[in-house]
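First the structure, in the form of structure tokens, and then the observations on it.
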Amino acid sequence: MRTPEAEVDVSPSLARRLLREQHPDLAELPIEPVANGWDNTLLRLGEDLCVRMPRREVAARSVLNEQRWLPEIAERVGAPISVPVRVGRPGQGYPWGWSVNPWFRGRVAAEVSPGERGPLVEPLALFLSRLHVPAPAEAPANPVRGVPLRERHERVVERLGGSDHPRAAELLDLWRELVKTPAWEGPALWLHGDPHPANILVDASCGLAAVLDFGDLTSGDPATDLGTAWMTFGVADRARLRERLAALTGLDEHTWVRARAWAVIYASVLISQTADAPLLAAIGEHTADQVLLGV
């Protein structure tokens, strides 16, 4: 499966027209396309800003969620995150809200070999411990993040059962065991929702520079985010992350096992839906290999 087709053509000229209409002081800055993700288009704006615009209707709500919730989350987590600095409205034929965000310098952790990501362990553990606090009832709903594993069972079985990936059968057998893990019984905690290493920005020494893309922001089981332990790290660094999280949050065994199950969920997506995205495909292969190690 490939990246979904855009429902609206997001171009630098469209972004400039919207800026001229709504934020004229920014409208003459250079605009350069950076990336087209599954849901959003990112354009760099000058040296220090970027424009984030949904390319599909399904993503329109997520931009509004980021605008509403990220400012207060940023005050707590102690790491740079993509808090909108300007808010955009529909206009110029474009139907959805959009944002102007900071531009963070660095490179995504996915571009660094897993063996070099060790410096991320401590700051990422601290970020997750500060993010994972009880969320209000009005926190954004998300049907595929933060939910009990049983609610993902049918789709995971369908995805892996129909996959021609050489390790799909092993992943499916593992999933059938992990899905039996007792569900989260605590309060619904704030979640990033999409914690793969292409959403983690690192600096020159591979320290944490920023956490990106809160489009799946929601609340629920913290194991959803802890799946990053298998997506981002190898065995030794994953053990360090677990130890640090236990010290910071009292991480229990069942949550850690559910986190491994969430890593299987992410692997099942990434090995089957990233044919035109080599970086994400590589994350999928790494995650599949790591979850099957048994640690």
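Before moving on, here are some points about what is shown:
- Flag if W38 is at pLDDT below 95 and either surrounded by fewer than 15 Cβ atoms within 10 Å (Cβ to Cβ) or not in a helix (DSSP H, G or I) (or both): yes
- The set of residues in region 11-28 that are touching a helix residue (DSSP H, G or I) at 6+ places or on another chain (Cβ under 8 Å) and either outside any helix (DSSP H, G or I) or hydroxyl-bearing (S, T, Y) (or both) contains only A27.
- Conditions (1) part of a loop (DSSP other than H, G, I, E, B); (2) more than 17 Å from the chain's Cα centre (by Cα); (3) surrounded by fewer than 19 Cβ atoms within 10 Å (Cβ to Cβ): number failed by E32: (1)
- Conditions (1) in a helix (DSSP H, G or I); (2) surrounded by fewer than 21 Cβ atoms within 10 Å (Cβ to Cβ); (3) of a type in the set (D, E): number failed by D225: (2)
Here's the yes/no breakdown for (1) surrounded by fewer than 19 Cβ atoms within 10 Å (Cβ to Cβ); (2) under 17 Å from the mean Cα position of the chain (by Cα); (3) over 19 Å from L201 (Cβ atoms); (4) of a type in the set (A, V, I, L, M, F, W, C):
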site: P54; (1), (2), (3), (4): no, yes, yes, no
site: Q67; (1), (2), (3), (4): yes, yes, yes, no
site: E72; (1), (2), (3), (4): yes, no, yes, no
site: V77; (1), (2), (3), (4): no, yes, no, yes
site: P80; (1), (2), (3), (4): yes, yes, no, no
site: R86; (1), (2), (3), (4): yes, no, yes, no
site: Q92; (1), (2), (3), (4): yes, no, yes, no
site: S99; (1), (2), (3), (4): no, no, no, no
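- Hits in region 11-29 - residues which are of a type in the set (K, R) and surrounded by 21 or more Cβ atoms within 10 Å (Cβ to Cβ): none
- Residue count, region 116-172 (criterion: free of Cβ contacts under 8 Å to residues at least 24 places away in the same chain, part of a helix (DSSP H, G or I) and over 30 Å from R244 (Cα atoms)): 6
- Checked against (1) farther than 23 Å from P4 by Cα; (2) crowded, with 21+ Cβ neighbours inside 10 Å; (3) charged (D, E, K, R), D213 meets all criteria but (1).
The values are calculated or read from the model by the stated rules, or taken from the named source; none is laboratory data. Since the structure is predicted, the reported quantities are computational estimates derived from the model, not experimental observations. Backbone-built Cβ (ideal geometry, glycine too); neighbour counts: all protein chains shown.
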